[in-house]
Amino acid sequence: MTVWLALVFLLPLAGVLLLLTGFPSCFQGERASRLASLSALATLVAAGGVIVQSLGKPPAFFLFGRMPWIRTESKLFGAVLDPLSVLMLVVTVVIGFLVVFFSNGYLSSKNREHPVTSGFVRYYAWLLFFIFSMIGLALSPNLLQFLIFWELTTICSAALIAFYEDETSFRSGFKALLMTHIPGLFFIVGLAFIFVYTSSFEFASIGRLPGTIKVMVLICLLLAGWAKSAQGPFYTWIPDAMVAPTPISAYLHAAAMVKAGAFLIARVFTAGFEVGSGIGLLTATVAIITMFMGLVFYFVQDDLKRLLAYSTISNVGYIFLGLGLGAAGSLVGLRGGLLHLLCHAFAKTLLFLSVGAISYAAGTRLISRLSGLAGSSPLLAGAFITGVLSVTGIPPFSCFWSKFFIVVGAFELRSTFGVILGILVLGESVGAFIWFIVVTQRVFFGEPREAGETFAFPFAIKLVLGALVILTLAAPLLGIPFLEGVR
């Protein structure tokens, strides 16, 4: 087990170092994709070894290292293996590998929207480092290590958003950096209070704080999580980040930055202490407001990626809503929120990479310029429609099950507020479904327009879309039994 864990951390980092040092030389330039794919695949295999050996076993900690200037009883670094960390590890490495492999075809001079002839080493080095940072975050045994990898993901995302190196890209990358890092300072404030009062960085140590300090720390962590996950007033960096290469947008939204904030709150709310119904209801309220705020913006989008960005804002709201319900006393709601993290991850990756395939072949992602694409590529139409039906929660597709758990969790509160939350969830789902069906009809059916006449994309793109269709459909079958271990 220890060897597999070490490999999970070291393999993506080794890929980064080989790319940056230029050794071996056969993996430089456009061929950097080969080394990145090998590194991501090896990381996936190592993660598989970790996951298989952890199944059916109680939570395990693998710890090492102390800092002389920090006096704590426990070691400070390492990994924890429990249902929550393994869930996030699956999302991180599986989608990470698929994004790297998809990039082999997408990042090309033949890409009609964004032809790429340079920057391959930089792109793949940052992407592998992003995967490494997310692995460190997913397996963090305490808040200190979580904070370190949290900040690394911020740097990686800003660098990748700015990949195309034009003024808009630089501005969007800098905006993402500021809007996620500055509110993230509340994380540091909360961590400082935890250490002052408990001499510990453990997640569970929050439960030992005095009442008022505990509430303040939880609010600080919520502010950090909301900013990272583009919730509430912190949502504006996400649509602007759509200037990034589409595979990066997929990883940001489905497996990395946006999910990191929700994962922090999930870690805190399942740490074994009583969070309090007040904090739970606050989390749920901000979540439901964010869900409808994202929905409103659906109707004025002409850019498919910006539409998916607002969809992500709403769907991460579902995760926070489930976590809030869990803190308020509903275990079913909590599990629904975590299941939505998994189901939405695969479905949204499928949607983003479908849009990437569209823009690669058609040279545009504007809804007003696309029509009749189903005739040009039935596979792409099937992939996109599968993603739409899954994300909007149509039975029996994946996100139906997570949304159903969340609705049940809301009703389980046995209060007027809970009933209102459940009804609002159903309303958001119906609104999202209606608009996505309208968009699907416009893009894939009707008479083909000029943008869709020449339509072809590499085998790597087709293979990844096919794999994601299967994973999207299978996500609840994998996630529901697994989350029985979450308390």
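Could you run the Karplus curve 6.51 cos²θ - 1.76 cosθ + 1.60 with θ = phi - 60° over segment 103-116 and give me ³J(HN,Hα) per residue in whole Hz, x for Gly and Pro?
4, 4, x, 6, 7, 8, 5, 8, 5, 6, 8, 9, x, 10
Straight-line reach from Lys305: which lysines fall under 22 Å, measuring Cα to Cα and dropping same-chain residues less than 8 apart?
Cross-link targets: Lys110, Lys175, Lys228, Lys259, Lys348, Lys462.
State the volume of the convex hull built on the alpha-carbon positions of segment 275-487, expressed per residue in Å³ and rounded to an integer. Please list the in-between numbers first.
Values: hull volume 21.2 nm³, N = 213.
Spread over its residues, the Cα hull of segment 275-487 gives 100 Å³ apiece.
What ranking do 47-59, 116-128, 280-292, 221-233 get when scored by the average of other Cβ atoms within 10 Å per residue, highest first?
Sorting 47-59, 116-128, 280-292, 221-233 by mean packing, highest first, produces 221-233, 280-292, 116-128, 47-59.
Could you tell me the extents of segment 4-82's C-alpha atoms along the three principal axes, largest first, rounded to whole Å?
48, 38, 12
Which order do peptides 328-336, 434-442, 314-322 fall in by mean Cβ count within 10 Å, highest first?
Ranked from most to least packed, the peptides come out as 314-322, 328-336, 434-442.
Under a crude label model (7 Å from the Cα following the beta-carbon direction), how far is Leu55 from Ile367 in nanometres?
In this crude label model, Leu55 to Ile367 measures out at 4.2 nm.
Measure off 7 Å from each Cα along the Cα-to-Cβ vector at Ile434 and Leu41, then give the distance between these two points in nanometres to one decimal.
4.7
How far, in nm, would the chain grow between Phe9 and Arg171 when pulled straight, counting 0.36 nm per residue and subtracting the alpha carbon separation? Could you put the intermediate results ahead of the total?
Numbers: separation 162, 0.36 × 162 = 58.32 nm, distance 3.15 nm.
55.2 nm is the gain from fully extending Phe9 to Arg171.
About its Cα centre, how strong a charge dipole does the chain have in debye, to the nearest 20, once Lys and Arg get +1 and Asp and Glu get -1 at the Cβ? Present the calculation step by step, with values, prior to reporting the outcome.
Details: 28 positive and 19 negative charges, 91 e Å.
Computed charge dipole of the chain: roughly 440 debye.
What does the extension gain come out to for Ile420 and Ile148, with contour length at 0.36 nm per residue minus their alpha carbon separation? Write out the running numbers ahead of the final one.
Working: separation 272, 0.36 × 272 = 97.92 nm, distance 3.87 nm.
Gain on extension, Ile420 to Ile148, equals 94.0 nm.
Which whole-Hz ³J(HN,Hα) couplings does segment 275-283 yield from phi under the Karplus relation 6.51 cos²θ - 1.76 cosθ + 1.60, θ = phi - 60°, glycine and proline marked x?
With coefficients 6.51, -1.76 and 1.60, one gets 6, x, 5, x, 5, x, 5, 4, 4 Hz.
Just to confirm my numbers, what's the Cα centroid distance between segment 402-429 and segment 162-180 in Å?
Answer, in whole Å: 37.
Can you show me the helix-derived [θ] at 222 nm for the chain, built from DSSP H runs with n ≥ 4 at -39,500 (n - 2.57) apiece and divided by the number of residues, rounded to the nearest 500. Could the numbers behind the result be given before it?
On the way: 18 runs with 345 residues, N = 487.
Calculated at 222 nm, the ellipticity per residue is -24000 deg cm²/dmol.
Once each part is reduced to its C-alpha centroid, what is the distance from segment 461-487 to segment 244-305 in angstrom?
Comparing the Cα centres of segment 461-487 and segment 244-305, I get a distance of 19 Å.
Calculate one ³J(HN,Hα) per residue across segment 319-336 by plugging θ = phi - 60° into the Karplus curve 6.51 cos²θ - 1.76 cosθ + 1.60, and present them in order as whole Hz with x for glycine and proline.
Couplings: 4, 5, 4, x, 5, x, 5, x, 5, 7, x, 9, 5, 4, x, 4, 5, x Hz.
If you stretched the chain out fully between Arg71 and Met216, how much longer would it get, using 0.36 nm times the residue separation minus the C-alpha to C-alpha distance?
Numbers: separation 145, 0.36 × 145 = 52.20 nm, distance 2.37 nm.
Result for the pair: 49.8 nm of gain on full extension.
Using modelled amide H (1.01 Å from N, peptide plane; none on Pro or chain starts), what sits under 5 Å from the amide H of Asp303, excluding residues fewer than 5 places away?
Long-range HN contacts for Asp303: Ile367.
With Rg and Dmax of the Cα atoms in Å as the read-out, I listed (1) 20.7, 65; (2) 25.5, 74; (3) 21.4, 69; which label goes with the value calculated from this structure?
(3)
No value in this document is a laboratory result; all are computed from the given coordinates. Keep in mind it's a predicted model, so treat the numbers as computed, not measured. Cβ sites come from the backbone with ideal geometry, for glycine too, and all protein chains shown count toward neighbours.
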